[in-house]
Amino acid sequence: MSWRSIVGHAEVVEHFQSLHARGNMPSTFLLVGPEGIGKRLFAEGLAEALLCHNRSNSLLQACGNCASCIQVQKQSHPDVLRVERPAEKNVLPIELFVGDREHRSETGLCRDIRMRPQVGSRKIAIIDDADYLSTESGNVLLKTLEEPPEGAVILLLGTSSHRQLRTILSRCQIVRFDPLTPNEVADVLRNHPEWEVDDRIIELSEAAAGSIKTARMLADSDILQFRNDWLEQLASGDPASDDFAGTLVKFAEAAGKEAAAKRERYYFVGDQAIEFYHQLTRKYAGQKTEGGQTMQMMLERAISSWGGSLAQLAAIVERIVDFQSQIESNANAANAVDLLLSDMRRLAAGHDCLSAT
Ligand SMILES: [Zn+2]
């Protein structure tokens, strides 16, 4: 998969092309943008291009066929190091960077990146889920970022620069990724017939808020139904009515036994609400709104039946972001949902938040 065939993100491709053409590739980048828009795919493609045996000095482009390209595609290239948050953890543990207590500095990314490249001329590190770097992990990584091995390129992937440790942020060149357009989401869905969403491509691409991950979640009809019910609830101006907290918890718990799967659903609930208020803000400003038919209907309804002010919308979104952090730090989810919805009710009614911490 060539990184230049990645859907969307043309400006980012151009940016890396020009750094390469000028022979001026910085060592550390932070790729930021919402989840599910192709940052990881982009990082993999960039690694392939940087290591390709047939690449020219003027154009940063992988051939896709040489031994190096194939190894990167198969994730077996010895010079590409990858770390990501283990599903059961809510941080990127220090062990991934410097090995466990018994083997400190004998394994881990910070050691491996200092080893001489085996196949290519440089080492590439892809650090996914950088939002979850613990202070401890950040401190050990910082030493590597301060004195990176020659030619090494380190790609940190996160959802927002605000969620990064300040010390790390100051060492990175920040590269922003925008959500995909509905047409781009549709293109990606069309490229993947194995996802079996052929007959719903338009509906899913409009509802996905630019994220392939969201489009794929919404392909599950139970999830799509919940999303539409949730939008209706938000449009009413009283998110807590009809014991919706119970409905919401039931939806998240239906994800299965795994805590990570449930957490993902709680997070999704928050993202959907944030997107609703984002679109509502756009509507107030007379801008074009997206999100598909149900979203449009609910925006109309919100304006005619509720009509919260911009300050109220901003306060509600802030409260939802707090909720998402609580979910990440493994707070009791049912309690967190109860408090969230009652705070949203209060904020939507124009009162200050009482229970948020
Ligand atoms: Zn190649």
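The values are calculated or read from the model by the stated rules, or taken from the named source; none is laboratory data. Remember, it's a predicted structure, so these values are computed and weren't measured experimentally. Cβ placement follows ideal geometry from the backbone for every residue including glycine, while neighbour counts extend to all protein chains displayed. Quick note on the areas: whole protein, heavy atoms, side chains included, nothing else; ligands and nucleic acids left out. Shrake-Rupley method; radii C 1.70, N 1.55, O 1.52, S 1.80 Å.
Brief remarks follow.
- Residue ranges of helices (runs of 4 or more DSSP H) in region 24-123 with at least 1 members within 18 Å of CYS172 (Cβ to Cβ): 39-51, 95-98, 109-112
- Residue match in region 86-99 (condition: modelled with pLDDT of 95 or more, of a type in the set (Gly, Ala, Ser) and closer than 21 Å to ARG40 by Cβ): no
- Listed conditions (1) closer than 30 Å to ALA87 by Cβ; (2) at pLDDT 90 or above are all met by SER329, apart from (2).
- Unique residue being farther than 28 Å from GLU14 by Cα and open to solvent by less than 20 Å² (accessible area, probe 1.4 Å) when the list is LEU141, LEU60, LEU96, LEU145: LEU141
- Filtered by the rule that a residue be buried (at least 19 other Cβ atoms within 10 Å of the Cβ), more than 12 Å from the ligand (Cβ to nearest atom) and farther than 24 Å from THR159 by Cα, region 18-57 gives a lone residue, HIS20.
- Any hit, region 220-231, residues being of a type in the set (Ser, Thr, Tyr) and without any contact (Cβ under 8 Å) to a residue 24 or more places away in the chain: yes
- Scan of region 64-103 for residues that are of a type in the set (A, V, I, L, M, F, W, C) and touching a Ser or Thr at 6+ places or on another chain (Cβ under 8 Å), ordered by number: VAL91, LEU92, ILE94, LEU96, PHE97, VAL98
- Comparison of ARG163, ARG176 shows that the only residue that is open to solvent by 50 Å² or more (accessible area, probe 1.4 Å), at pLDDT 95 or above and under 17 Å from the mean Cα position of the chain (by Cα) is ARG176.
- Within region 68-88, the set of residues being open to solvent by 70 Å² or more (accessible area, probe 1.4 Å) and within 16 Å of the ligand (Cβ to nearest atom) comprises GLN73, LYS74, GLN75.
- In summary, VAL91 fulfils each of the numbered conditions (1) more than 16 Å from the ligand (Cβ to nearest atom); (2) surrounded by fewer than 17 Cβ atoms within 10 Å (Cβ to Cβ); (3) under 29 Å from GLU258 (Cβ atoms) with the single exception of condition (2).
- When region 257-270 is filtered for residues that are open to solvent by less than 70 Å² (accessible area, probe 1.4 Å) and closer than 19 Å to SER211 by Cβ, the ones remaining, listed by number, are ALA260, ALA261, ARG263, ARG265, TYR266, TYR267, PHE268, VAL269, GLY270.
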